[in-house]
């Protein structure tokens with residue numbers, strides 16, 4: 001049995017059995033019609049340069065974490081590429097994967113989005 005299914009069923013049962021106060025889809029639909037404060041409405045992300053000081057102190061703080069995250073993301077993506085290659089009998093281009101992921105993550109940073117990998 002998938003663990004995510006067990007978690008969904010378990011939390012649902014806890015909410016129902018313990019009569020916990022939770023928001024439902026109906027609550028959000030009511031809020032869209034003006035009945036409550038919560039909303040599902042959103043806007044498109046806007047361009048903004050991150051507000052961090054551009055100096056060596058900031059670089060010393062950010063560099064180790066950014067290298068670790070980049071390495072983990074690239075390794076995961078390249079391993080996924082290898083699995084897809086084996087499943088399809090084709091050969092992917094790892095260098096394009098790495099460049100594409102880097103460009104995408106830099107673009108995400110200036111739009112306030114969350115970077116990612118395969």
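Just a few scattered comments:
- Residue check for residue 90: within 30 Å of residue 23 (Cα to Cα) and outside the structural domain of residue 24 (by TED's automatic domain parsing): no
- Residue 64 vs. criteria farther than 16 Å from residue 115 by Cβ and assigned to a helix (DSSP H, G or I): yes
- Among residues that are surrounded by 11 or more Cβ atoms within 10 Å (Cβ to Cβ), assigned to a helix (DSSP H, G or I) and over 17 Å from the mean Cα position of the chain (by Cα), residue 72 is not included.
- The numbered conditions (1) closer than 30 Å to residue 43 by Cβ; (2) in contact with a helix residue (DSSP H, G or I) (Cβ under 8 Å, 6 or more places away or on another chain); (3) in a helix (DSSP H, G or I) are all true for residue 100 except (2).
- Considering segment 17-52, and only residues there that are over 30 Å from residue 110 (Cα atoms) and part of a helix (DSSP H, G or I), the residue that is modelled with the highest pLDDT turns out to be 17.
The values are calculated or read from the model by the stated rules, or taken from the named source; none is laboratory data. The structure presented is a predicted model; accordingly, all values stated were derived computationally and were not measured. Glycine also receives a Cβ, built like all others from the backbone with ideal geometry; neighbour counts cover every protein chain displayed.
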